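Visitor: Okay, handing you the structure first.
The values are calculated or read from the model by the stated rules, or taken from the named source; none is laboratory data. All values derive from a computational prediction rather than experimental measurement. Cβ coordinates were reconstructed from backbone atoms using ideal geometry, including for glycine residues, and neighbour counts include every protein chain displayed.
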Amino acid sequence: MSKIGIIGSYLTEFKGRRENENRNQLINETVVSVLEDAQLSINDIDKVISASCDTIDGISISNAFAADDMGSYMKEESKVEDDGAYALMYAYYRMLTGEWKNCLLVAHAKPSDAGPAFYANMSCDPFYLRPMGLELNTSAALQARKYYETFGLSEEDAAEVAVKNRRAGSKNPRTQLRKEVSVQEVMNSSYLASPLKELESAPLTDGAAAVILSTEDFAKNAKNKPVWIDGFGFAQDNYYPGNRDLSRCNAGKTAAQKAYNEAGIKDLMQEVDFAEVCESYAFYEMMLYESLGLCKEGEGIKLIKDGVTDINGKFPVNPSGGTLCANPIIVSGLVRVIESYLQLTGKAGDNQVAQNKGKALVHAASGMFMQSNLVSILSI
Amino acid sequence: MTSKVGVVGIGMTENKSRWDVSIPALYRLGAKSAYEDAGLSPKDIDAFVFGHSPEYFEGVNQPEKWCGDAIGATDKPLFRIHTGGTVGGSAAIGAYYLVASGKFDVVMAISGNKLNETSSAQIGLSTVYDPIMGRQFAAGAPSAAAIQAAKYYNKHGYSNEIGLKVAVKNRNNALNNPYAQLKIPDYNLEGAKNTPMLCDPLRMADMCPTSDAVCAMIFAKEEKAEEITDKIAWALGASSTNEGLNYPDRDWSKPIGLRLAAEKAYERAGIKNPLKELDVAEVYDAFAPQEMIWYEGLNFCDWGEGGNLLESGATQMDGELPVNPSGGVLCANSIGAAAMFRKAEAALQVMGRAGDRQVPGARLSLGHGWGGAIQFHTVMIFGSDKS
């Protein structure tokens, strides 16, 4: 079976509002630039897969009027309505069949046009959850409270995750928030929904990202050194928060186990150099350590306190600064992939981490209460 | 292709307007029907590919999150594909490729919509157009299909009533399909001509109905499929394409995107002469004239010959290549499930399980889907034999 590799990537500038560009301009910039990065022409691409969300775009079937800018005119094409990392997963399995050589993958969103609260509340069923007014902050706050109380954590503990990621983000020229914060500053920032405060929550971000995937034969001769996809796992948990133990991320655990099986990983810490995860709120990162098997349940905080997951630690998590420093909904998971690709190829820049195994873990999440999770292992 | 892939189970709900179930409950009925058909349960499914058309129809974002539990996908791999009217086809193709990758043994594709939740599906369809350049003059799908039909009739000199002959053919076929919505006894050309004009040249008879429905298909890798059943529809080739925007010189009556999808799928399935080799086809005839236009895109005949192919009787139930034995989209259109119904009906035909709408001896079939703003197409080929 042919291996599938990433041979090019592009991230747009991430900022709270890309005021002077519309959605299609963002897509166009991204596609033109990723082709430049891989030194390919659009004629070398035989498959396009995009990730976007109609509710954010304010357009039904939102890939329909993006074909010009996406370069999908008269090409085989499909759209995944979820995070870009899911589109990557889908593209990967399709590429394994050998029917295509180069696949262009684009994820884009301008949540500043729609408002993330609207997006999340529309994801609630109209009968039970929507009338409660749940959205991203309030749903995560319920989960944080449950997590803190189950394992005896404090708000200061979560603040330390934000401090760690903002410190890493301050070195990353590609991210949005590049200023360090202190525990005290996090604690003094205003509550969005108790116990969650502004500085431990992901910002609002507009942006787009793209990668080019190639089969082994093409990737080996590519301009850029390829990063190979070793495997994927993904899973979706129960929808209703009342049906779940919110102090755990079961779907993250299932996704991780499937990815480890596919990639042949037995001991994550021993075999992988670092991880990039989607922690839209600081406490999620600790919960994810537990789901990914980096530590036992309730012990995520220890890894933070011991500096294990610091950018200079034994197993850095989110050397890019993570989603706490930039969170373009729908694109964030693909950003984790691209940040890992840049790390593995030694192109990360000031936030480059030391590696000796040449492997990275990537995590993406979607849905309220982190209902859906995806894990992938990449290798150089 | 790493693994050969077969369809081992099909689930369908009846197409109708229904108020007895919620959206997840409708998906549950579709999934349950597929589980029962294949003799499988949720624990046998390795992954789910979830299809659903625009959120604007029912007002729920990320419906796959809400519906996952109802189809048995809790704590399982599930993701959503969304490509408008083709979504059912895109989801089926997604499940097919997951199995073909060699990494999954059994995958369920499920797709649907509950269109009666909205006051008009046309509101959701008009928001397809760009908010700055196009939405001001958008008037739903019929206005676009009318332009397409007028262009087709004028370019090739067909009468405005030839589309009604497609309607008569398909509506009579639908009488044999227990899942169809429009079942009108003694449907004839005279009656169709007397239906009101909706959007010139399209009459009411040229239109599809508004349905609530879910369709599901279970795909399995070769060895697994043969364990599950001896009536397998082998998926032999697939393609989904994008024809792009409404650029000024685009001819809506000449679907070059569909021709591309067809050529790719035929090449993968080893088909050289589709009219001769295919035994039956199910195409996405949301508006009657489109069926003739799709004949041409699918290379059943040359450009401009679709109307003549219809008039020759070749696509009647007893013709050389029966098209839409189920009655097609003209008799049932939930949008979200419609393109998967085409694939599922095509699969049932080569399994020899299509009941009263069975084309005798069918061994090679095609299922088509159309969507977006007249630019997406999906094509899948199924066979009784593995190659």
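Visitor: Could you look through the range A:231-279, keep only residues that are within 12 Å of chain B (Cβ to nearest Cβ) and of a type in the set (D, E, K, R), and pick out the one that is farthest from B:Glu64 (Cα to Cα)?
Guide: A:Glu262
Visitor: Inside the range A:106-132, can you point out the residues that are surrounded by fewer than 22 Cβ atoms within 10 Å (Cβ to Cβ) and more than 11 Å from chain B (Cβ to nearest Cβ)?
Guide: Matches in the range A:106-132: A:Ser112, A:Gly115, A:Pro116, A:Ala117, A:Pro131, A:Met132.
Visitor: On the basis of being closer than 20 Å to B:Tyr179 by Cβ, charged (D, E, K, R) and without any contact (Cβ under 8 Å) to a residue 12 or more places away in the chain, does B:Asp20 make the cut?
Guide: Yes; evaluated as a whole, the condition is true for this residue.
Visitor: Do any helices (runs of 4 or more DSSP H) entirely within the range A:277-380 hold 3 or more residues that are within 14 Å of A:Gly252 (Cα to Cα) and touching an Asp or Glu at 6+ places or on another chain (Cβ under 8 Å), and if so, which?
Guide: The qualifying helices (runs of 4 or more DSSP H) are A:282-292.
Visitor: Now for a different question. Does the range B:100-117 include one or more residues that are within 18 Å of A:Glu76 (Cα to Cα) and either within 16 Å of the chain's Cα centre (by Cα) or at the interface with chain A (Cβ under 10 Å from one of its Cβ atoms) (or both)?
Guide: Checking the range B:100-117: at least one residue is within 18 Å of A:Glu76 (Cα to Cα) and either within 16 Å of the chain's Cα centre (by Cα) or at the interface with chain A (Cβ under 10 Å from one of its Cβ atoms) (or both).
Visitor: Residues to consider are A:Val161, A:Val181; find the one that is in a helix (DSSP H, G or I), at pLDDT 95 or above and among the β-branched types (Val, Ile, Thr).
Guide: Every option except A:Val161 fails the conditions.
Visitor: Can you tell me which residue within the range B:27-69, out of those that are more than 9 Å from every other protein chain (Cβ to nearest Cβ) and more than 23 Å from the chain's Cα centre (by Cα), is surrounded by the most Cβ atoms within 10 Å (Cβ to Cβ)?
Guide: Only one residue tops the list, namely B:Ile45.
Visitor: Any idea which of (1) more than 16 Å from B:Ile293 (Cα to Cα); (2) touching a Pro at 6+ places or on another chain (Cβ under 8 Å) is the one B:Ile184 doesn't satisfy?
Guide: All conditions are met except number (2).
Visitor: Among all residue pairs at least 6 apart or on different chains, which show Cβ distances below 6 Å where the first residue, located in the range A:35-54, is basic (Lys, Arg) and modelled with pLDDT of 95 or more and the second is part of a strand (DSSP E or B) and surrounded by 15 or more Cβ atoms within 10 Å (Cβ to Cβ)?
Guide: Close Cβ pairs (under 6 Å, with a partner that is part of a strand (DSSP E or B) and surrounded by 15 or more Cβ atoms within 10 Å (Cβ to Cβ)) amount to A:Lys47/A:Glu76; A:Lys47/A:Cys103.
Visitor: Does B:Tyr56 count as of a type in the set (Phe, Trp, Tyr), in a helix (DSSP H, G or I) and modelled with pLDDT of 95 or more?
Guide: No: the conditions fail for B:Tyr56.
Visitor: Quick one: count up the residues across the range B:230-276 that are surrounded by fewer than 16 Cβ atoms within 10 Å (Cβ to Cβ) and of a type in the set (Asp, Glu).
Guide: Total meeting the criteria: 4.
Visitor: Here's another thing I want to ask about it. Just give me the residues in the range B:151-205 being basic (Lys, Arg) and under 20 Å from B:Leu310 (Cα atoms), in sequence order.
Guide: Matches in the range B:151-205: B:Lys151, B:Lys155, B:Lys165, B:Lys169, B:Arg171, B:Lys193, B:Arg203.
Visitor: Could I ask something else about it? Hey, can you tell me all the residues within the range A:303-343 that are surrounded by fewer than 24 Cβ atoms within 10 Å (Cβ to Cβ) and either out of contact with any helix residue (DSSP H, G or I) (no Cβ under 9 Å at 6 or more places or on another chain) or of a type in the set (Asp, Glu) (or both)?
Guide: A:Asp306, A:Asp310, A:Asn312, listed by residue number.
Visitor: Restricting to the range B:120-148, give me the number of residues that are facing chain A (nearest Cβ under 8 Å) and outside any helix (DSSP H, G or I).
Guide: Adding up the residues that qualify gives 7.
Visitor: (1) crowded, with 23+ Cβ neighbours inside 10 Å; (2) part of a helix (DSSP H, G or I); (3) out of contact with any Lys or Arg (no Cβ under 9 Å at 6 or more places or on another chain): which one isn't true of A:Ser33, the others all being true?
Guide: Answer for A:Ser33: the failing condition is (1).
Visitor: Which residue pairs have Cβ atoms closer than 9 Å, lie 6 or more positions apart in sequence or on different chains, and pair a first residue in the range B:362-379 that is surrounded by fewer than 24 Cβ atoms within 10 Å (Cβ to Cβ) with a second residue that is part of a strand (DSSP E or B) and β-branched (Val, Ile, Thr)?
Guide: Short answer, once both residue conditions are applied: B:Ala362/B:Val280; B:Leu364/B:Val280; B:Leu364/B:Ile381.
Visitor: A further question on this structure: Those residues that are free of Cβ contacts under 8 Å to residues at least 40 places away in the same chain and either of a type in the set (Asp, Glu) or more than 23 Å from B:Gln316 (Cβ to Cβ) (or both), I need them from the range B:140-192; list them, please.
Guide: If the condition is that a residue be free of Cβ contacts under 8 Å to residues at least 40 places away in the same chain and either of a type in the set (Asp, Glu) or more than 23 Å from B:Gln316 (Cβ to Cβ) (or both), then B:Gly140, B:Asn154, B:Glu161, B:Asp186, B:Glu190 are the ones that fit.
Visitor: Would you say B:Thr210 is surrounded by fewer than 22 Cβ atoms within 10 Å (Cβ to Cβ) and closer than 30 Å to B:Ile23 by Cα?
Guide: Answer is yes for this residue.
Visitor: Could you list, in sequence order, the residues of the range B:278-300 that are part of a loop (DSSP other than H, G, I, E, B) and without any contact (Cβ under 8 Å) to a residue 40 or more places away in the chain?
Guide: Once the filter is applied, which keeps residues that are part of a loop (DSSP other than H, G, I, E, B) and without any contact (Cβ under 8 Å) to a residue 40 or more places away in the chain, the range B:278-300 yields only B:Phe300.
Visitor: Take residues that are closer than 24 Å to B:Thr2 by Cα, within 10 Å of chain B (Cβ to nearest Cβ) and under 23 Å from the mean Cα position of the chain (by Cα) and tell me which of the helices (runs of 4 or more DSSP H) falling wholly in the range A:38-105 contain 1 or more.
Guide: A:84-96
Visitor: Looking at the range A:1-22, I want the residues that are within 14 Å of chain B (Cβ to nearest Cβ) and have a partner that is crowded, with 23+ Cβ neighbours inside 10 Å with Cβ atoms under 6 Å, at least 6 apart or on another chain. Which pairs are those?
Guide: Listed by first residue and then by second, the contacts come to A:Ile4/A:Met95; A:Ile4/A:Leu213; A:Ile4/A:Ile229.
Conditions (1) within 14 Å of another protein chain (Cβ to nearest Cβ); (2) assigned to a loop (DSSP other than H, G, I, E, B); (3) closer than 30 Å to B:Tyr56 by Cβ; (4) not charged (D, E, K, R), marked per residue:
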{"site": "B:Asp302", "(1), (2), (3), (4)": "no, yes, no, no"}
{"site": "B:Asp318", "(1), (2), (3), (4)": "no, yes, no, no"}
{"site": "B:Arg342", "(1), (2), (3), (4)": "no, no, yes, no"}
{"site": "B:Gln349", "(1), (2), (3), (4)": "no, no, no, yes"}
{"site": "B:Thr378", "(1), (2), (3), (4)": "yes, no, yes, yes"}
